[in-house]
Amino acid sequence: MNFSYLSYFINNSTPQYGGDDAITISQRSAITKGDSSNSKFISMPNHVGTHIDFPKHFSVDGKTINDYPADFWVFNYPFVIDYQAKEEEIIEFEKEINTIPANTDILLINTGFQKYRGKEKYWKFNPGLSPNLAAKLKKNCPKLKVVGFDFISLSSYQNRMLGREAHKKFLVEHDILVIEDMDFSGLKGNISQLIALPILIDQADGGPITVIAKYE
């Protein structure tokens, strides 16, 4: 079997939307210093690195992680669409949407924007998804549960009001969850199955997620 991670490892250099610097990963104990074991102290926002958004993120009464059973996280009809996005572009998929199979349950949008990860433009001039795209995707792919992509947020930082509307359309109105800041550098061949495992924080509105692709 052939597998790869589609998530980044979180570290102190992980980029954050808005350019914040709110991650602290430090050594809590160390055998080399005479402690009995090695351990780390980790402090960070829940929406950081490769992470998932739940409806609660943009709705007072929205669903949390607790509302999704374990089998939700196994995707048997993944589809990758290659689309070269420009800085600040609001992605609409006028023609490309017709290439997405109707039975797709998770859509990965490979824009190539991850090549800027580590640079200011990755979070400051990222593309985003149009609010209108949620309805079009749900109409064409009624079983679609999740959309993931290789830029830092569904919201273009330079178009934040539009981004908030898009989050509400995807998460709340059409119940399409969002995985942001994915690592597609290991993509290879056709994905036959995808497993996404969010960190289990009670009643979470979002959190880091480990995504594993299985290839044919």
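The values are calculated or read from the model by the stated rules, or taken from the named source; none is laboratory data. Remember, predicted model here, so these are calculated numbers, not experimental data. We place every Cβ from the backbone using ideal geometry, glycine too, and count neighbours over all the protein chains shown.
Among what's in region 80-110 and is among the polar types (S, T, N, Q) and out of contact with any Phe, Trp or Tyr (no Cβ under 7 Å at 6 or more places or on another chain), pick the residue that is surrounded by the most Cβ atoms within 10 Å (Cβ to Cβ).
The extreme case among them is Thr99.
Have a look at Leu162, Leu187 and point out the one that is touching a residue at least 24 places away in the same chain (Cβ under 8 Å), part of a helix (DSSP H, G or I) and of a type in the set (A, V, I, L, M).
Sole residue among the options that is touching a residue at least 24 places away in the same chain (Cβ under 8 Å), part of a helix (DSSP H, G or I) and of a type in the set (A, V, I, L, M): Leu162.
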### Query
Within region 115-130, is even one residue in contact (Cβ under 8 Å) with a residue 24 or more places away in the chain, assigned to a strand (DSSP E or B) and under 18 Å from the mean Cα position of the chain (by Cα)?
yes
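Here's the yes/no breakdown for (1) at pLDDT 95 or above; (2) charged (D, E, K, R); (3) farther than 25 Å from Lys95 by Cβ:
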site: Pro131; (1), (2), (3): yes, no, no
site: Ala134; (1), (2), (3): yes, no, no
site: Leu137; (1), (2), (3): yes, no, no
site: Lys143; (1), (2), (3): yes, yes, no
site: Asp150; (1), (2), (3): yes, yes, no
site: Ser153; (1), (2), (3): yes, no, no
site: Ser156; (1), (2), (3): yes, no, no
site: Ile199; (1), (2), (3): yes, no, yes
### Query
Listed residues Lys138, Lys143; which is assigned to a loop (DSSP other than H, G, I, E, B) and in contact (Cβ under 8 Å) with a residue 12 or more places away in the chain?
Lys143
### Task
Test Lys169 against the criterion of being surrounded by fewer than 16 Cβ atoms within 10 Å (Cβ to Cβ) and part of a helix (DSSP H, G or I), and give yes or no.
no
### Task
Select, from Gly34, Gly18, the only residue that is among the small types (Gly, Ala, Ser) and within 18 Å of the chain's Cα centre (by Cα).
Gly18
#### Entry: Segments classed as strands (runs of 3 or more DSSP E), wholly inside region 1-98, with at least 2 members that are in contact with a Leu (Cβ under 8 Å, 6 or more places away or on another chain) and at pLDDT 95 or above
51-53, 78-82
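For region 40-74, give me each residue that is within 17 Å of Phe9 (Cα to Cα) and of a type in the set (Ser, Thr, Tyr).
Result: Ser43, Thr50.
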### Subset of region 91-112 [under 21 Å from the mean Cα position of the chain (by Cα), aliphatic (A, V, I, L, M) and farther than 17 Å from Phe170 by Cβ]
none
